[in-house]
Amino acid sequence: MQATAQLAEQNRDTRNSLLANTDWTAMSDVTMATDMATYRQALRDLPTHSNWPDLEDSDWPTKP
């Protein structure tokens, strides 16, 4: 596997894990805070980031 593809896969795995850790906030009986919705959207948008897949720590969104 090419290094760039491997890095992209690792970043997707990390992103998916971070999303999974906040899935409970998206349940139908929970009102999601705006900052949490923004965070989750930023995680989903990471593959379109200009530095993808060579993300810096500062490119990752901060969990509210």
Worksheet entry | Between 0 and 90°, nearest 10: helix 34-45 axis offset from the chain longest Cα axis | 30
Discussion item. Among 10-18, 39-47, 26-34, how do they line up by average Cβ neighbours within 10 Å per residue, starting with the highest?
Written reply: 39-47, 10-18, 26-34
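Fully extended, how many nm does the chain gain between TRP60 and ALA37 (0.36 nm per residue separation, minus their Cα-Cα distance)?
On the way: separation 23, 0.36 × 23 = 8.28 nm, distance 1.50 nm.
Gain on stretching TRP60 to ALA37: 6.8 nm.
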Worksheet item: What is the Rg over Rh value, at two decimals, for the chain, using alpha-carbon atoms and the Kirkwood definition of Rh?
Response: 1.03
Response to the item:
The correct ranking of TRP24, TRP60 by accessible area at 1.4 Å, largest first, is TRP24, TRP60
Practice prompt. Please turn the phi angles of the stretch 49-60 into ³J(HN,Hα) values with the Karplus equation 6.51 cos²θ - 1.76 cosθ + 1.60 (θ = phi - 60°), one per residue in order, whole Hz, x for glycine and proline.
Written response: 5, 4, 8, 4, x, 8, 6, 8, 4, 6, 7, 7
Worksheet item: Relative to the longest principal axis of the chain, what angle (0 to 90°, nearest 10) does the C-alpha long axis of helix 3-21 take?
Response: 10
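The values are calculated or read from the model by the stated rules, or taken from the named source; none is laboratory data. Predicted, not measured: the structure shown is a model, and the values here were computed from it. Cβ atoms come from the backbone with ideal geometry, glycine included; neighbour counts cover every protein chain shown. SASA here: full protein model, heavy atoms, side chains in, ligands and nucleic acids out. Shrake-Rupley method; radii C 1.70, N 1.55, O 1.52, S 1.80 Å.
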